[in-house]
Amino acid sequence: MKDLQTQYRGPGIDAGFGRAGAVTPAQRVLRQTYSLLSLTLLFSAAMAGVSMALHVPYGLSLMCSLVSMGLLWFVVPRTANSEAGIWVVFGVTGLLGFGLGPIINMHLKMANGPQTVMMALGLTGAIFVGLSAYAVKTRRDFSFMRGFLVGGIILAFTLSIGLLIASFFGVYLQPLSLAISAMFALLMCGMILYQTGDIINGGETNYVLATVSLYLSIYNLFLSLLQLLGYANSDD
């Protein structure tokens, strides 16, 4: 089976490097990543729309998220160098998008719900475009951030698990929940810089893995902003 780097060539995306016809391997991976990322984001949004229209219960949403995590951990790494990897990525992003339906519906029912959702979407898009453009423009190496980002994500997940356990005992710590969301939002901004820089500087050469990484950063950034904005608007 052909290597994915030559097997799949999505719509050309000029990342702003070099001259036409003189595409470096890093440029090609970045173009392929942005092409696949665009398609998966659209597919994920469509699946979220279906989930919202069907008023899917939160339990099914959680199940979709768990299945997608299983695909991420066990299937994506094994298929990343084959054509099947593309379909697995669509499976992962479709399930995560479907799982967003109940969460978005919940926020839509809140005061200023539609404005909150649209603001979270707009901010997520603007932050991603701005940070990606900065990384592409400067071509900086952000590998120095890796240890901090990994440590921060582990800490945020640990705190999230602690918060979930506390909720089972009827204890809900709103300030801690908001602090975790803010932490995740900042960490995802750092991840976007790090991941884009890694592609540009040749550290990441597999666009399937690059797409999944960037998608997860965008996904978690949106969820974090949605919670923060939802809380802020509920106080209005």
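Could you tell me whether the stretch 160-169 includes any residue that is under 19 Å from the mean Cα position of the chain (by Cα), without any contact (Cβ under 8 Å) to a residue 24 or more places away in the chain and more than 20 Å from A80 (Cβ to Cβ)?
Looking only at the stretch 160-169, we keep the residues that are under 19 Å from the mean Cα position of the chain (by Cα), and these are 160.
After this cut, where a residue has to be without any contact (Cβ under 8 Å) to a residue 24 or more places away in the chain as well, the list is 160.
Those still in the list that are more than 20 Å from A80 (Cβ to Cβ) too: 160.
Yes: the stretch 160-169 contains one or more residues that are under 19 Å from the mean Cα position of the chain (by Cα), without any contact (Cβ under 8 Å) to a residue 24 or more places away in the chain and more than 20 Å from A80 (Cβ to Cβ).
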Next on the checklist: Take the residues in the stretch 19-37 that are without any contact (Cβ under 8 Å) to a residue 24 or more places away in the chain and surrounded by fewer than 16 Cβ atoms within 10 Å (Cβ to Cβ); name whichever of them is nearest to L95 (Cα to Cα).
Outcome noted: T24
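Mind listing whichever residues of the stretch 203-236 are of a type in the set (S, T, N, Q), farther than 13 Å from A182 by Cα and in a helix (DSSP H, G or I)? Give the derivation first.
Taking the stretch 203-236 and keeping what is of a type in the set (S, T, N, Q), we get 205-206, 211, 213, 217, 220, 224, 227, 233-234.
Narrowing the set further to residues that are farther than 13 Å from A182 by Cα leaves 205-206, 211, 213, 217, 233-234.
Of everything in the stretch 203-236, those that are of a type in the set (S, T, N, Q), farther than 13 Å from A182 by Cα and in a helix (DSSP H, G or I) turn out to be T211, S213, S217, N233, S234.
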Checklist entry - Which of the following residues is surrounded by 14 or more Cβ atoms within 10 Å (Cβ to Cβ) and touching an Asp or Glu at 6+ places or on another chain (Cβ under 8 Å): Q227, Q195? => result Q195
Checklist entry - Only one of (1) small (G, A, S); (2) free of Cβ contacts under 8 Å to residues at least 40 places away in the same chain; (3) farther than 20 Å from G230 by Cβ; (4) surrounded by 13 or more Cβ atoms within 10 Å (Cβ to Cβ) is not met by G130, so which one is it? => result (4)
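Let's see how each residue does on (1) charged (D, E, K, R); (2) touching a Leu at 6+ places or on another chain (Cβ under 7 Å); (3) within 19 Å of S217 (Cβ to Cβ):
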residue	(1), (2), (3)
Y58	no, no, no
L72	no, no, yes
T93	no, no, yes
H107	no, yes, no
T116	no, yes, no
I127	no, yes, yes
G151	no, no, yes
G162	no, no, no
Checklist entry - Only one of (1) over 30 Å from A232 (Cα atoms); (2) touching a residue at least 12 places away in the same chain (Cβ under 8 Å) is not met by A182, so which one is it? => result (1)
Next on the checklist: Just to check your reading of the model, which residue among S38, S44 is out of contact with any Ser or Thr (no Cβ under 8 Å at 6 or more places or on another chain), within 16 Å of T211 (Cα to Cα) and at pLDDT 95 or above?
Outcome noted: S38
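In the stretch 38-51, which residue that is without any contact (Cβ under 8 Å) to a residue 60 or more places away in the chain and not hydrophobic (A, V, I, L, M, F, W, C) is farthest from F98 (Cα to Cα)? Outline the logic, then answer.
Just the residues of the stretch 38-51 that are without any contact (Cβ under 8 Å) to a residue 60 or more places away in the chain, to begin with: 38-39, 42-43, 45-51.
Adding the requirement that they be not hydrophobic (A, V, I, L, M, F, W, C) leaves 38, 49, 51.
Values: S38: 17, G49: 8, S51: 5 Å.
Taking the candidates together, the pick is S38.
The values are calculated or read from the model by the stated rules, or taken from the named source; none is laboratory data. Not measured: the values here are computed from a predicted model. Please note: Cβ atoms are built from the backbone with ideal geometry, for glycine as well, and neighbour counts cover all protein chains shown.
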